[in-house]
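The values are calculated or read from the model by the stated rules, or taken from the named source; none is laboratory data. All of these numbers come straight from a predicted model, not from anything done at the bench. Cβ sites come from the backbone with ideal geometry, for glycine too, and all protein chains shown count toward neighbours.
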Amino acid sequence: MKIAFLGPEASFTQLAAIQLFPGEELVPQPNILDCFEAVEKGEVENAVVPLENSIEGTVSMTLDYLYKTPGIQILAEAIMPIAHHLMMHPGSDSSAIEKIYSHPQALAQSFHFLDTHFKEIPKQDFSSTAAAAKYVSENPDRNLAAVANQFAANLYGLKIIHHNIHDFEQNHTRFIIISKSSESYKNENLKVLGEKSGLLVTLPEDHAGGLHQVLSVFAWRKMNLSKIESRTLKTGLGNYFFFINVVGKWESALHHNALEELQALDAETHFMGNYKEFELKS
Ligand SMILES: O=C(O)C(=O)C[C@]1(C(=O)O)C=C[C@@H](O)C=C1
């Protein structure tokens, strides 16, 4: 089985993919869009992408492509502890850092540390923490630094100059397995933390109480929502879709006619799947 992941090697997403698909062929992708396209084109069976972080919140590119890519299902979620370190080429001068590179999520999760200690040093977004580490290792003649994990430091031969620079100790990222199939994902080696369903809902034309109507579909059925997040449709200010998580198993008739009721409200609804949440090691 081929699995796409946000690469290159030693990205946090790869660390998640290795635990989710031990022994399978992992195919690194330059960015999150490429992961979705690889699944959509059938180049791979599944992909692992980051969805949300406990410090910085949702990875907006993932949410956007969940909405935009037709026929995508979520097969599972996986929660992994995240530790960011600041690293440089061993021969570089850590007192004269020229620029700090990393994924925007990693820079944001380490914002206070970087603003306190390296306020004047320019930061630059990269497609992943591992890509930033790889770039720093390929430019030993400049005093560059990357925010990445221990595996990236080892793989790309970088020296960690500051450990655990993420601003909050409890730092976890939620990854999802995306696929065009809806077959259930199982992994006996991972602890199951819970179960939920994901829905993407676009409200009927903007009218007072529209969101209330949508939420009431869940409320009177006593469907517990663990997340509801609005995200711009990019069709103009104030136009949103909502990503909604319903806790627990997606029961039979009761929950299914919730989808019919949402459609009846002209709330465009995509059911992304009923899936388990697994615990990963860092
Ligand atoms: O850049 C990486 O290494 C990734 O796997 C992406 C990502 C993310 O987008 O959230 C994954 C975990 C961390 O939160 C930091 C970055």
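Exactly one of (1) among the hydroxyl-bearing types (Ser, Thr, Tyr); (2) in contact with a Leu (Cβ under 8 Å, 6 or more places away or on another chain); (3) farther than 30 Å from Ser230 by Cβ is unmet by Tyr67. Its number?
(3)
Taking the options Val49, Val39, Val27, name whichever one is in contact (Cβ under 8 Å) with a residue 24 or more places away in the chain, in contact with a Leu (Cβ under 8 Å, 6 or more places away or on another chain) and crowded, with 16+ Cβ neighbours inside 10 Å. Don't jump to the end; show me each part of the working.
Values: Val39 fails: in contact with a Leu (Cβ under 8 Å, 6 or more places away or on another chain); Val27 fails: in contact with a Leu (Cβ under 8 Å, 6 or more places away or on another chain).
One residue alone meets the criteria, Val49.
Can you tell which of Val217, Val192 is in contact with a Lys or Arg (Cβ under 6 Å, 6 or more places away or on another chain), over 21 Å from Asp64 (Cβ atoms) and either not basic (Lys, Arg) or not in a helix (DSSP H, G or I) (or both)?
Just one listed residue meets the conditions, Val192.
Please work out which residue is nearest to the ligand (Cβ to nearest atom), limiting yourself to the range 59-102 and to residues that are part of a loop (DSSP other than H, G, I, E, B) and under 16 Å from Cys35 (Cα atoms).
First pass over the range 59-102, keeping only residues part of a loop (DSSP other than H, G, I, E, B): 59, 69-72, 82-84, 89-98.
Subsequent filtering for residues that are under 16 Å from Cys35 (Cα atoms) retains 59, 69-72.
On the way: Val59: 5, Thr69: 17, Pro70: 23, Gly71: 23, Ile72: 18 Å.
Step by step, filter the range 59-102, then rank; the result is Val59.
Do we find that Glu43 is among the charged types (D, E, K, R), within 13 Å of the ligand (Cβ to nearest atom) and not in a helix (DSSP H, G or I) in this structure?
Numbers: among the charged types (D, E, K, R): yes; within 13 Å of the ligand (Cβ to nearest atom): no; not in a helix (DSSP H, G or I): yes.
When the stated conditions are applied, Glu43 does not pass them.
Mind listing whichever residues of the range 164-184 are in contact with a strand residue (DSSP E or B) (Cβ under 6 Å, 6 or more places away or on another chain), modelled with pLDDT of 95 or more and over 22 Å from Gln124 (Cβ atoms)?
Initial filter on the range 164-184 (in contact with a strand residue (DSSP E or B) (Cβ under 6 Å, 6 or more places away or on another chain)): 165, 172-179, 182.
Filter once more, keeping what is modelled with pLDDT of 95 or more: 165, 172-179.
Those that are in contact with a strand residue (DSSP E or B) (Cβ under 6 Å, 6 or more places away or on another chain), modelled with pLDDT of 95 or more and over 22 Å from Gln124 (Cβ atoms): His172, Arg174, Phe175, Ile176, Ile177, Ile178, Ser179.
Which condition number does Pro90 fail, the rest of (1) buried (at least 20 other Cβ atoms within 10 Å of the Cβ); (2) touching a Gly at 6+ places or on another chain (Cβ under 8 Å) being met?
Answer for Pro90: the failing condition is (1).
Could you list, in sequence order, the residues of the range 17-37 that are more than 20 Å from Lys180 (Cα to Cα) and in contact with a strand residue (DSSP E or B) (Cβ under 6 Å, 6 or more places away or on another chain)?
none
Looking for something within 30 Å of Phe113 (Cα to Cα), touching a Pro at 6+ places or on another chain (Cβ under 7 Å), part of a strand (DSSP E or B) and not assigned by TED's automatic domain parsing to the domain that holds Gly198 - is there at least one such residue anywhere in the range 22-39? Before you say what the answer is, go through the steps one by one.
Going residue by residue through the range 22-39, those that are within 30 Å of Phe113 (Cα to Cα) are 28-33.
Now drop any that are not touching a Pro at 6+ places or on another chain (Cβ under 7 Å), which leaves 28.
With part of a strand (DSSP E or B) added as a condition, the list becomes 28.
Now narrow it down to the ones that are not assigned by TED's automatic domain parsing to the domain that holds Gly198: none.
Checked the range 22-39: no residue is within 30 Å of Phe113 (Cα to Cα), touching a Pro at 6+ places or on another chain (Cβ under 7 Å), part of a strand (DSSP E or B) and not assigned by TED's automatic domain parsing to the domain that holds Gly198.
What's the number of the condition Gln124 fails, among (1) polar (S, T, N, Q); (2) away from the ligand (no atom under 11 Å from the Cβ); (3) under 27 Å from Phe271 (Cβ atoms)?
Gln124 satisfies all of (1) polar (S, T, N, Q); (2) away from the ligand (no atom under 11 Å from the Cβ); (3) under 27 Å from Phe271 (Cβ atoms) except (3).
For residues in the range 150-168 being assigned to a helix (DSSP H, G or I) and more than 20 Å from the chain's Cα centre (by Cα), which is surrounded by the fewest Cβ atoms within 10 Å (Cβ to Cβ)? Explain how you work it out, then say what you get.
Step one: filter the range 150-168 for residues assigned to a helix (DSSP H, G or I), giving 150-155.
Adding the requirement that they be more than 20 Å from the chain's Cα centre (by Cα) leaves 153-155.
Details: Ala153: 22, Asn154: 12, Leu155: 17.
The selected residue is Asn154.
Of the conditions (1) surrounded by 24 or more Cβ atoms within 10 Å (Cβ to Cβ); (2) within 13 Å of the ligand (Cβ to nearest atom); (3) more than 21 Å from Pro28 (Cα to Cα), Ala108 fails just one. Which one is it?
Result: Ala108 passes all but (1).
Looking at the structure I just gave you, is Glu205 under 27 Å from Leu66 (Cβ atoms) and assigned to a strand (DSSP E or B)?
On the way: under 27 Å from Leu66 (Cβ atoms): yes; assigned to a strand (DSSP E or B): no.
Spelling it out, it is not the case that Glu205 is under 27 Å from Leu66 (Cβ atoms) and assigned to a strand (DSSP E or B).
Considering only the range 241-260, I want to know if a residue exists there that is over 20 Å from Thr69 (Cα atoms) and touching a Pro at 6+ places or on another chain (Cβ under 9 Å).
No, every residue in the range 241-260 fails to be over 20 Å from Thr69 (Cα atoms) and touching a Pro at 6+ places or on another chain (Cβ under 9 Å).
Which ones in the range 142-193 are more than 16 Å from the ligand (Cβ to nearest atom) and of a type in the set (Phe, Trp, Tyr)?
Tyr185, the sole residue that qualifies.
Return the total of residues in the range 1-51 being more than 19 Å from Gly71 (Cβ to Cβ) and among the hydrophobic types (A, V, I, L, M, F, W, C).
Residues meeting the conditions: 12.
Read through the list (1) assigned by TED's automatic domain parsing to the domain that holds Ser127; (2) under 30 Å from Thr235 (Cα atoms); (3) not acidic (Asp, Glu), then give the number of the only condition that Leu203 fails.
Among (1) assigned by TED's automatic domain parsing to the domain that holds Ser127; (2) under 30 Å from Thr235 (Cα atoms); (3) not acidic (Asp, Glu), Leu203 violates only (1).
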